[in-house]
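Chemist: One structure is given below, represented as structure tokens, and several questions about it will come after.
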Amino acid sequence: MIHLSRRRFLSISAACAALPTSAATAPTARWRGTALGAAASLRLEGLTDAQAAPIVNAIETEVARLEGIFSLYRPESELSRLNRDGHLFAPAPELLTVLSLCTALHDASDGAFDPSIQPVWYALATGASASEVRSAREATGWHNVSIETAAIRLPQPGVSALTLNGIAQGAITDRIAALLRSFDLHDVLVDMGEIAAMGQRMDGRQWRVGLAGPEGSVQKHLSLRDRAVATSAPEGTLLGSGQGHILNPNGSNPFHKTLSISAPQAVIADGLSTALCLVPHQQVDAVLRNFPDAKLELLI
């Protein structure tokens, strides 16, 4: 059982049921390290440490590559260079795919989901004055960002900036799940703060996930198979100003304390769970109709 809250770590559990060993005697490979700057763990049931070594190496390599695209904290990542220079030439396909989904989420939420909110996030996190926060808010505007295959350009270099913290975890979760499938692992639970449940547990049961409310207690249990789930809690991380980390560009407060979405892809679940925190209750269903395979699982 995994109790799900908004957090940053990687925990992968895989049941390699194709091996001839019984569940009672099957070996289990374990690894602990770091991923996305936080604690990471890996458990592969049915594999020895030696058999799991190439999988572990591939995961470490892929996480490092994806951090080189999406990280706000690595100065040479694609996102950091875009924010610093105001443009990014030859962006990675993974970045373009995520930005395309950002546009769909922005439009579906009437602009509430807006990755160009980063200047406001930074101003609030660093205790800027009210006038500085207003200036930062004036630098937002998703449709002013130029996104093309050849280059991405921000409208005000040196002022404008993007954050993908509300969606990149889901994108990375999907990439790691795809990588594990390439190793013929089809019964896998990937948890990188967002969860992708592939196949089933080694005992034949579905993966079980507990959804936590704002106080950390489990509010609902889900049984998942070939589906992802993401939870967002605006006050799960507080900025230096004491404000929650999920921000609306118009300055209004989030409408919900905790919200969980399931979907076939973690990136959709992640983006929607973030966006819907900023949407009034009466508009939630209208937003979800744009993503027919997504489902609201928890709303507090």
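Just so you know, all these numbers are worked out from the coordinates, no wet-lab data involved. Since the model is a prediction, treat every value here as computed from it, not as a measurement. Here the Cβ positions follow ideal geometry from the backbone for every residue, glycine too, while neighbour counts run over all protein chains shown.
Chemist: Positive end of the charge dipole of the range 21-129 (Lys, Arg +1 and Asp, Glu -1 on Cβ, about the Cα centre): tell me which of T103, G46, I59 has its Cα farthest that way.
Modeler: Towards the positive end, the residue furthest out is G46.
Chemist: Please find, in a Gaussian network model of the chain (springs between Cα atoms separated by less than 10 Å), the residue of I55, I69, I195 whose mean-square fluctuation is greatest.
Modeler: I55
Chemist: Run the numbers on the chain and let me know its relative contact order in percent, using alpha-carbon pairs under 8 Å that are six or more apart. Walk me through the intermediate numbers first.
Modeler: Working: 641 pairs, mean separation 59.2, N = 300.
Rounded, it is 20 percent for the chain.
Chemist: Okay, next question. Give the long-range amide H neighbours of H87: residues separated by 5 or more places, or on another chain, with amide H under 5 Å away, using H modelled in the peptide plane at 1.01 Å from N.
Modeler: Residues meeting the amide H criterion: L154.
Chemist: Under a point spin-label approximation (7 Å from Cα along Cα-to-Cβ), what is the A150-D203 distance to one decimal in nm?
Modeler: Taking the two extended label points, one gets 5.8 nm.
Chemist: Please state the relative contact order of the range 78-153 as a whole percent: Cα pairs under 8 Å, 6+ residues apart? Don't skip to the answer; put the middle values down first.
Modeler: Numbers: 63 pairs, mean separation 31.9, N = 76.
Across the range 78-153, relative contact order equals 42 percent.
Chemist: Given 0.36 nm per residue, what is the gain on full extension from T126 to R289 after removing their alpha carbon distance, in nm? Display every interim value, and only then the final one.
Modeler: Details: separation 163, 0.36 × 163 = 58.68 nm, distance 3.73 nm.
Length gained, T126 through R289: 54.9 nm.
Chemist: Also: Provide Rg over Rh for the range 78-153; use the alpha carbon set for both Rg and the Kirkwood Rh (inverse mean inverse pair distance).
Modeler: On the way: Rg = 13.3 Å, Rh = 13.3 Å.
When Rh is taken as the Kirkwood radius, the ratio is 1.00.
Chemist: Can you report the principal axis dimensions of the range 175-294 using only the alpha carbons, biggest first, rounded to whole angstrom?
Modeler: Each principal axis gives a Cα extent; for the range 175-294 these are 47, 30, 25 Å.
Chemist: Out of residues 5 or more away from F291 or on other chains, whose amide H comes under 5 Å of its own, with H placed 1.01 Å from N in the peptide plane?
Modeler: It is none; the list stays empty.
Chemist: Grab the DSSP H runs of the chain that are 4 residues or longer, score each as -39,500 (n - 2.57), total them, divide by all residues and round the 222 nm result to the nearest 500 deg cm²/dmol.
Modeler: Roughly -9500 deg cm²/dmol at 222 nm, from the helical runs in the chain.
Chemist: Output wanted: per-residue J couplings in Hz (rounded whole) for the range 148-162, from phi through Karplus 6.51 cos²θ - 1.76 cosθ + 1.60, θ = phi - 60°, x for Gly and Pro.
Modeler: Once rounded to whole Hz, the list reads 9, 4, 7, 6, 10, 10, 8, x, 10, x, x, 10, 5, 7, 10.
Chemist: Out of I300, P280, I176, whose Cα points farthest toward the positive end of the dipole of the chain (charges: +1 Lys, Arg; -1 Asp, Glu; placed on Cβ)?
Modeler: Most positive-ward Cα: I300.
Chemist: Could you give the C-alpha radius of gyration of the chain expressed as a fraction of 2.2 N^0.38 Å, taking N as the number of residues it contains?
Modeler: Working: Rg = 19.5 Å, N = 300, 2.2 N^0.38 = 19.2 Å.
Normalised by 2.2 N^0.38 Å, the Cα Rg of the chain equals 1.02.
Chemist: With a point put 7 Å past each Cα toward its Cβ, work out how far T103 is from R134 in nm, to one decimal.
Modeler: Modelled inter-label distance: 3.3 nm.
Chemist: Per-residue HN-Hα couplings for the range 137-143, Karplus 6.51 cos²θ - 1.76 cosθ + 1.60 at θ = phi - 60°, whole Hz, x for Gly and Pro?
Modeler: 5, 5, 8, 8, x, 4, 6
Chemist: Then there's this: Would you work out the charge dipole size for the chain about its Cα centre, treating the Cβ of every Lys and Arg as +1 and the Cβ of every Asp and Glu as -1, and quote it to the nearest 20 debye? Spell out each step's value before the answer.
Modeler: Working: 24 positive and 28 negative charges, 97 e Å.
Using Cβ point charges on Lys, Arg, Asp and Glu, the chain gives about 460 debye.
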